[in-house]
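J.: Okay, handing you the structure first.
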Amino acid sequence: MLLVEDPTARRGPAARAASALREGTNVAAIPQQGGSAADGAGTLRRLRGRTWVAERAAGREYRVTGEGFWQIHRCAPDALNEAVQQILAPQPGQAFADLYAGAGLFTVPLAHAVGPEGVVLSIEGAPGTSKDARRNVHGLDQALIRQGRVEKVLRQEVSRLPGGLDGVVLDPPRTGVGRDGVAAVAAARPDRIAYVSCDPASFARDIRDFALKGYVLESVRALDLYPHTHHVECIGALVPASKG
């Protein structure tokens, strides 16, 4: 699918370019300028074909719209899922939280691993991306999709889980989890945390803040998901200091 940013959307150059593409090409536009939210600025608009693509990871099918997020490296979803599963080692009946969950890349495998007796709390801030996650967990009643500010929703939902959380996976944007997010996660007292980061600087800052809340970095891996660039993906495993 081709995704473009065009303030004039259907009547602008993007629409003209879409009409010239070969049959079967999917094109959508997200107007970012030249209008207000009421006029549709920032809203995904279909110009041709469909507004979503089919992706596959961890042996599962995912649907991701142009508003959603997916890793650009085709091997990244499987590599990241493998790393997260190794850290959390999910078992049937356990409870996990997938924070900054996106389209549910980690939510779906975790939900299958914990089974119907377990629970996976999947929280995402972006409404469009959260809708993708809801579609992708269809039929998995143990996956609870929630949309909103991550730390606020986490505090509300964890209080409803009688056994607490066995683990948490974090996959925040480049800005990281931040102090409030770290405090909310630490307050839930998970046994293990898998932190997926696309920015080593914010990762280091958050690891320091987790240390102040009683969590230590047990291990860290670096994956080169953006070849020939300075970007590095880090996956850290954190545990309570008493178990480290």
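J.: So Leu80 fits all but one of (1) open to solvent by 10 Å² or more (accessible area, probe 1.4 Å); (2) in contact (Cβ under 8 Å) with a residue 24 or more places away in the chain; what number is the exception?
T.: Of (1) open to solvent by 10 Å² or more (accessible area, probe 1.4 Å); (2) in contact (Cβ under 8 Å) with a residue 24 or more places away in the chain, only one is false for Leu80: (1).
J.: Moving to a separate point now. If you check Ala103 against the conditions, is it modelled with pLDDT of 95 or more and not basic (Lys, Arg)?
T.: Criteria not met by Ala103.
J.: Do we find that Pro162 is part of a loop (DSSP other than H, G, I, E, B) and modelled with pLDDT under 95 in this structure?
T.: yes
J.: So Pro90 passes all but one of these: (1) modelled with pLDDT under 90; (2) in contact with a Leu (Cβ under 6 Å, 6 or more places away or on another chain); (3) under 24 Å from Ala188 (Cα atoms). Which condition number does it fail?
T.: (1)
J.: Starting from residues that are in contact with a Gly (Cβ under 7 Å, 6 or more places away or on another chain) and outside any strand (DSSP E or B), keep the ones in region 201-223 and report whichever is most open to solvent (accessible area, probe 1.4 Å).
T.: Arg205
J.: Select from region 103-117 the residues that are open to solvent by less than 10 Å² (accessible area, probe 1.4 Å) and within 17 Å of the chain's Cα centre (by Cα) and write down the one among them that is farthest from Val168 (Cα to Cα).
T.: That would be Ala103.
J.: Tell me the residue from Gln85, Gln91 that is within 20 Å of Val239 (Cα to Cα), open to solvent by 20 Å² or more (accessible area, probe 1.4 Å) and either assigned to a loop (DSSP other than H, G, I, E, B) or in contact with a Phe, Trp or Tyr (Cβ under 8 Å, 6 or more places away or on another chain) (or both), please.
T.: Gln91
J.: Answer yes or no as to whether Arg155 is out of contact with any strand residue (DSSP E or B) (no Cβ under 8 Å at 6 or more places or on another chain), open to solvent by 60 Å² or more (accessible area, probe 1.4 Å) and closer than 25 Å to Ser219 by Cβ.
T.: For Arg155, the condition - out of contact with any strand residue (DSSP E or B) (no Cβ under 8 Å at 6 or more places or on another chain), open to solvent by 60 Å² or more (accessible area, probe 1.4 Å) and closer than 25 Å to Ser219 by Cβ - is not met.
J.: Taking only region 152-180 into account, find how many residues are in contact (Cβ under 8 Å) with a residue 60 or more places away in the chain and more than 19 Å from Leu110 (Cβ to Cβ).
T.: Qualifying residue count for the region: 1.
Results for (1) in contact (Cβ under 8 Å) with a residue 40 or more places away in the chain; (2) touching an Asp or Glu at 6+ places or on another chain (Cβ under 9 Å); (3) closer than 14 Å to Gly167 by Cα, shown as yes or no for each residue.
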| site | (1), (2), (3) |
| --- | --- |
| Phe96 | yes, yes, yes |
| Tyr100 | yes, yes, no |
| Leu105 | yes, yes, no |
| Gly115 | no, no, no |
| Ser122 | no, yes, yes |
| Gly128 | yes, yes, no |
| Lys131 | yes, yes, no |
| Asn136 | yes, yes, no |
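J.: From the list Cys234, Cys198, exactly one residue is under 17 Å from Tyr100 (Cβ atoms), open to solvent by 20 Å² or more (accessible area, probe 1.4 Å) and either hydrophobic (A, V, I, L, M, F, W, C) or at pLDDT below 95 (or both). Which is it?
T.: That would be Cys198, the only listed residue that is under 17 Å from Tyr100 (Cβ atoms), open to solvent by 20 Å² or more (accessible area, probe 1.4 Å) and either hydrophobic (A, V, I, L, M, F, W, C) or at pLDDT below 95 (or both).
J.: Another one. From the list Asp180, Asp224, which one is within 21 Å of Asn81 (Cβ to Cβ) and not β-branched (Val, Ile, Thr)?
T.: Answer to the check: Asp224.
J.: Within region 167-195, count every residue that is part of a helix (DSSP H, G or I), of a type in the set (A, V, I, L, M, F, W, C) and open to solvent by 10 Å² or more (accessible area, probe 1.4 Å).
T.: The qualifying residues number 3.
J.: Sort out which residues of region 129-141 are buried (at least 19 other Cβ atoms within 10 Å of the Cβ) and either modelled with pLDDT of 95 or more or touching a strand residue (DSSP E or B) at 6+ places or on another chain (Cβ under 7 Å) (or both), and write them in order of number.
T.: Hits for region 129-141 are Ser130, Asp132, Ala133, Asn136, Val137.
The values are calculated or read from the model by the stated rules, or taken from the named source; none is laboratory data. What you see is a predicted model; the values in this text were computed from it and never measured. Quick reminder, even Gly has a Cβ in these numbers, built from the backbone with ideal geometry, and neighbours come from all protein chains shown. Areas reflect the complete protein model, heavy atoms only, side chains present, ligands, DNA and RNA absent. Shrake-Rupley method; radii C 1.70, N 1.55, O 1.52, S 1.80 Å.
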